[in-house]
Amino acid sequence: MLPARNTETPWGGMTSGPESALGQLRALETLESTYEAWAELKRDHAAAVVHFKEEQARLAQQGTFLLGAVRAAGMDSGGTSGPGLQPQGAANDFLRDAESKLAKARDAVLQREAESEARYQAAFTEVRATLLDRVRRSLGSLQPHLTLLLRRVGAERSILHVARVQPDESVLLCYLLTERVPSRYGFLFDDSTEDLALAPAPLYPEESVPEDGVRPDARGLLAVIEASTEVLPLKGFVPLRVPRPGGGEDFFRLLQRGAVMEVEIADGPDFRSILTREEAERFAGHLLRLKLEGRIGLDIEAG
C-alpha cells in the first residue's frame, strides 16, 4: 500500500488560510491597502480551492491504483500458488482495510475543505464590509475633483473630456456615481488586453462575470451594472446614468484614454464620443448638480 499522507497538516504550498490577508486589512486603513488585502485573500482562496481538488484527485487515484493491485493479486492467487502470493481472502481483507482508510481520509479532506471555505467566505464578507465603510468615510472628508474639458466639433457637436483623476479618487468616484465599489484598486488605469488585436475588455472575469463575458455591448454592460449590488468588475471606465428631461436616463461612461477620460454615451449596442449639444450640456449639467450638492469638486474649461 502507498504510504498515507498526513491529512492533518497542509499540503506543500498550501496557504495557512485568510489570516494573513485579514492581518493586512486591519493593520492599515487606506483604500489601497484594503484592496491589496482583498487581492491577497483572492489569491489565497484560489490556491486553497486548487489544493483541495488536488487532494481529492490524489485520493481517488490512490483508491483506483489499490483496487487494480488487489485485483491483480487475486487473479494471480486464483492460479498456481507460489512464494510471496497472497491468498484471495487476505487480498480482500487488505482491500477492505485500504478502502476504509481512504474513506476516512476523504471525509477528513471534505471536512477541512468545508471549514476552509467557511473561513474564507467570512473573510470576504469582512473585507467587503470594511472597504465599503472606508469608501463612505472617505467621501465624508474627500470630494473627487473633476475638470471637464469641452472640445467643439462643428457648431452643434462636441467631445467632452474629464482630466485624469488619482487612484483613490477613481474608487470614490465610482461609488459616488453607482453606489458600488470597483473590484480592483487600479481598475480605471488598466489598459491590458489578452488579445492585441482587440481593445481592452471593459470587465474583469470576476464577480459572476465569466471568462467569455468580459466584452458585452453597451446594453449588456448596463445589465451587468444593474445586476450588481455592492461590487462592479469594471475595467478602464466609470459608468453613470444621466436623467433625460422627458423621463428615463441615458447611460454614459468615462472611458480612460491616457491623460483624460473621454465621455461616451450608449447609442444602441455601441458607445459614441461625439455628443450632440443637448447631450453635452445635459452631462455637464449633471456634474454641476453634483457639485452644487457638495458631492464633487468641478471645474469646466472650454477648449
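We did not get these values from a lab; they are worked out from the coordinates using the rules stated. Remember, it's a predicted structure, so these values are computed and weren't measured experimentally. Neighbour counts run over all protein chains shown; Cβ positions are idealised from the backbone, glycine included.
What the phi angles of region 233-245 give under the Karplus curve with 6.51, -1.76 and 1.60, with θ = phi - 60°, is a coupling list of x, 6, 9, x, 7, 10, x, 7, 10, 10, x, 9, x Hz, glycine and proline written as x. Starting from the Cα of residue 29, move 7 Å in the Cα-to-Cβ direction to define the label point; list residues of region 169-211 whose amide nitrogen is under 19 Å from there. Within reach of a label on residue 29: 169, 172.
Evaluated with a Cβ-only charge set (Lys, Arg +1; Asp, Glu -1), the chain carries a dipole of roughly 220 debye about its Cα centre, given to the nearest 20. Length gained on full extension, residue 125 to residue 259, computed as 0.36 nm times the residue gap minus the Cα-Cα distance: 44.7 nm.
Residue order for 273, 116, fewest other beta carbons within 10 angstrom first, comes to 273, 116. Counted by neighbouring Cβ atoms within 10 Å, the residues 244, 184 run from fewest to most as 244, 184. Counting only alpha carbon atoms, the long axis of helix 88-141 and the longest principal axis of the chain meet at about 20°.
With respect to the chain, whose longest principal axis is taken over its alpha-carbon atoms, helix 218-227 is tilted by about 70°. Computed over the alpha carbons of the chain, Rg followed by Dmax gives 28.7, 101 Å.
Subtracting the Cα-Cα distance of residue 36 and residue 219 from 0.36 nm times their residue separation leaves 62.7 nm of extension gain. Partners of residue 235 within straight-line reach, counting lysines whose Cα lies under 30 Å from its Cα and excluding those fewer than 8 residues away in the same chain: 42, 291. Helix 277-292 and the long axis of the chain differ in direction by around 80°, with both axes built from C-alpha atoms. For residue 236, the amide hydrogen comes within under 5 Å of the amide hydrogens of 188, 189, 190, counting only partners 5 or more places away or on other chains and with H modelled in the peptide plane. Within a straight-line Cα-Cα reach of under 19 Å, residue 53 can be paired with the following aspartates and glutamates, leaving aside sequence neighbours fewer than 8 residues apart in one chain: 8, 44, 107, 113, 115, 117.
Relative to the current alpha-carbon distance between residue 211 and residue 90, full extension at 0.36 nm per residue lengthens the span by 38.4 nm.
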